[in-house]
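One structure below.
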Amino acid sequence: MSKKPTYEELEAWVKELEHELMDSKKQDNTIIRLLSEEFKQLSNRSQDAIYQFDIESRTFSFFNKLFLSLYSIEESGVRVLSPKSVLLHIHPDDRAKVKAARALSFEPPNTTGDIEYRLLENNGSIRVMHDRWSVVGDPDGKPVTIEGFIRDNTWRHQVEKEFELSLHNSPIGGYIVQDARFRYVNPEFMRITGYGKDELIGTEPLHIVQPKHRSQARENCISMLKGVRQFPYEFLIDNKEGNPKWILETATSIQYQGNRAAMCYFMDISKVKQAENEHLEKEKLISVLEIAGAVGHELNNPLQVVTTCTEKLTPASDADQRQTKLYRLLKKNVEEMRKIIHKFQNITQYATKAYVCGKKIIDLDKASAQRPDKASGQD
């Protein structure tokens, strides 16, 4: 049997374990302090302002140097950081929307929020800040702290303003789409479509595109944004007055207000399309004139022979009724052939009319600029 330890041995063993535990705690505390210090140094090197706000005490339990420099105020020679100092640095016109966004993030099931606002610096200059935060709750779901990061978007905002100014002055229609909604439209785009800014912003771009062109226009736009398509695409729109217009468009992917968007250039090519159609009509007319001239020429000579022979077949006064009737029918149809050939020789425009099985044929009356009643009255 093993010998049981004495009380003195047990006491010594317990003390040894206590010393080891204390050494372990000291080591853990040292690691925690080192990590805490490293985190502070890391946060102070961050280009974002970082903060942690305790809701119950209404105090900032953690913040980095940038947050302190941006949102503190000086009172009696002392730098003070509080909810009041933060509010004083937010532009008066933006304070209401900041409060509304913060309140919205407290409503279940929301746990995050973000807002962009103008920051008033102590020297009077203005920055554009984007605040993003998370709401941390206790086990019962009650909000306890707010942890946030604030990024200075002033430079990006200035670039976007310059870009919008350039697009605003462009002689070509242009617009920006984000989340399948108009976010910006320039004056030329509004002139082409006939819609005002308030009628367009927030609406779907495809609503002005004619229904039969929507699917293809959307497919072409996506293809161009992905870099698959390299050339502009065409589609038909209806302006505010309901008039159709042919559009030539290009699309490119951009960053707008911190998120992905599409910028599209939009040109009215209706006059070009009209000129193309007129040119096509002229080409068709030339072809028709060539054919009509050939047909008229080739049929005219045989017609003269038939006409002459018909005159020689004039029945005698004592001819029977049947012979006289056949002669009149022959003469009538010879005259009808002469009128048709005359129409061929006088074609001045391209015109068609419906035929069987959905086909079309030349409309001689319209093409020769003669009304049927006038043509039938010619001798």
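Since every read-out is calculated from the coordinates, none of them should be taken as a lab result. Bear in mind that the values here come from a model prediction, so they are computed numbers and not experimental data. Cβ placement follows ideal geometry from the backbone for every residue including glycine, while neighbour counts extend to all protein chains displayed.
Between LYS284 and ASP320, the simple label model (points 7 Å from Cα in the Cβ direction) yields a spacing of 5.2 nm. Under the simplified labelling scheme, the ASP198-SER61 pair shows an inter-label distance of 4.7 nm, with each label point 7 Å from Cα along Cα→Cβ. The overall shape of region 28-141 is oblate: from the C-alpha gyration tensor, with semi-axes ordered a ≥ b ≥ c, the ratio a/c is 1.5 or greater and a/b is no larger than b/c. A simple spin-label model places pseudo-atoms 7 Å from Cα toward Cβ; at ARG118 and SER76 they are separated by 3.3 nm.
Potential lengthening of the chain between ASN333 and THR310 amounts to 7.2 nm, from the contour at 0.36 nm per residue minus the alpha-carbon distance.
The ALA354 and ASP179 beta-carbon pair, evaluated with R₀ = 56 Å, returns a calculated FRET efficiency of approximately 0.75. Taking square-rooted eigenvalues a ≥ b ≥ c of the alpha carbon gyration tensor, is region 97-218 rounded, prolate or oblate, where a/c under 1.5 means rounded and, failing that, a/b exceeding b/c means prolate? Since a/c reaches 1.5 but b/c is at least a/b, the shape of region 97-218 is classed as oblate. Counting neighbouring beta carbons within 10 Å and listing from fewest to most, the residues TRP133, TRP155 come out as TRP155, TRP133. Taking the Cα centre of region 47-152 as origin and assigning +1 to Lys and Arg Cβ atoms and -1 to Asp and Glu Cβ atoms, the resulting dipole is close to 200 debye.
Using the Cβ-Cβ distance between SER69 and ILE126 with R0 set to 22 Å, the FRET efficiency from 1/(1 + (r/R0)^6) comes to roughly 0.85. Oblate is the label for region 157-268. Its Cα gyration tensor axes, ordered a ≥ b ≥ c, give a/c of at least 1.5 and b/c at or above a/b. Fully extending the segment from ALA96 to GLN210 would add 36.9 nm, taking 0.36 nm per residue of separation and subtracting the current Cα-Cα distance.
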